[in-house]
Amino acid sequence: MVEYQHADEVTVVLPREGERGGPAAERRGRVRSILFSKRRRGWFGWTAVVLGWLALFAGVIGVGLHYNTITAEPLVLAASFAPYLMLFAVLALVILLLARAWRGALVATLVTAAALWSQLPMLWPDGTAQPGVDVAVMQSNLLFGNADTDAVVKAVRDNGIEVLTLEELTPEALARLDTAGLAELLPYRHVEAAAGGAGSGIFTRYPLEAGSKLSGFLLNNVRATMIHPERGPVAVFQFHPVPPNLNFDAWSNELRTIRDLLDQQPGQVIVGGDFNATFDHAPFRDLLRGRYADAGELLGVGAMPTWPDDRSWGPLLGLDRVLVAGGHATQIRSLTIPRSDHRAVVARLRL
């Protein structure tokens, strides 16, 4: 004899106690009924499933934008926000699990794993720095020369900065920097000051040689060789490619030019700049091939957003970076410079 019991909309046939199987078989039947039953979802359940799949779709787009290599302006601009889209994959996973949409949850798990994998280089520290000489580096964009130059000089003094790279350096801003005491702290320089956002400069505590303005850029980008008292010649680059939304073709060409310049530079190299690109742009990741590394990547601090810093909802994007070749990084942080739309980056490099 058998009896019928209902479990979550499914009729399960269980043997009576004493018949073949007994209580143990009855318990197994109940477990199976719970695990494999098809529940009828109400409107709330279906709404959750739909929202989960929509969030998952956004996460897939984020992962795709990160790995995209098509040089099309809309895709490049959208890739700036790829990590934020990837977060929707995590949200989708939670929603679909709560809705017991197991297939969707499985897909969400795979997309979440792909998203984490794409960001892993920026989240996972790259070993520890070997013994060497530490050099303090600071990178800052002055917003058309309007930034608080007293704050810039104070940051240089407080952090013992030895190498400073600046973008959007105007002649007026340069004069204010010197009035605030920059020339005493960093007496050596190669600058190409200019009106608007075109100016730039390299400032160091140690002597500079072979300073030059780099060709192939719409804005001023410069290079010099610093003669470090313990490490000898160290090449220093300052880069500021044009923003992609202003001139996309120029942005693409200038990032390729930066890659070529870095590939051709031997020895130890320090690079500071507002790259107008993030880790989620393939052309920027291409700069990190071979012997170059991002200081934030080496320390696993993540994207470390620096722009825009003049909005209550910012910063969102990590545009300001410090790179190194022939060395490692031991510290990195960002700090606010009043009246600038970029946070400055302060890194300590081990050469």
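The values are calculated or read from the model by the stated rules, or taken from the named source; none is laboratory data. Please read these numbers as outputs of a predicted model, since none were measured by experiment. All Cβ positions, even for glycine, are placed from backbone atoms using ideal geometry, and neighbour counts span all protein chains on display. Surface accessibility is based on the protein's heavy atoms, side chains included, excluding ligands, DNA and RNA. Shrake-Rupley method; radii C 1.70, N 1.55, O 1.52, S 1.80 Å.
Computed from point charges on the beta carbon alone (+1 for Lys and Arg, -1 for Asp and Glu), the dipole magnitude for the range 288-338 about its Cα centre is near 160 Debye. The magnitude of the dipole of the range 160-253, with charges of +1 and -1 set on the Cβ of Lys/Arg and Asp/Glu and taken from the Cα centre, is near 140 debye.
Site pair L120 and L87 shows an inter-label distance of 2.3 nm when each label is modelled 7 Å from Cα along Cα→Cβ.
A crude spin-label estimate for the pair N247 and K213, with each label 7 Å from Cα along the Cβ direction, gives 1.4 nm. Based on protein heavy atoms only, the range 52-118 ends up with 55 Å² per residue of surface accessible to a 1.4 Å probe. Length gained on full extension, R256 to L77: 62.7 nm, using 0.36 nm per residue less the C-alpha separation. Extension gain, T336 to D150, is 65.7 nm, computed as 0.36 nm per intervening residue step minus the present C-alpha separation. Measuring with a 1.4 angstrom probe and ignoring ligands and nucleic acids, D150 comes out at about 100 Å² accessible. In terms of the mean number of neighbouring beta-carbon atoms within 10 Å, the peptides 180-189, 87-96, 220-229 order highest first as 87-96, 220-229, 180-189. Computing the accessible area with a 1.4 Å probe over protein heavy atoms, can you report the carbon and sulfur percentage for the chain? Carbon plus sulfur share of accessible area: 60 percent.
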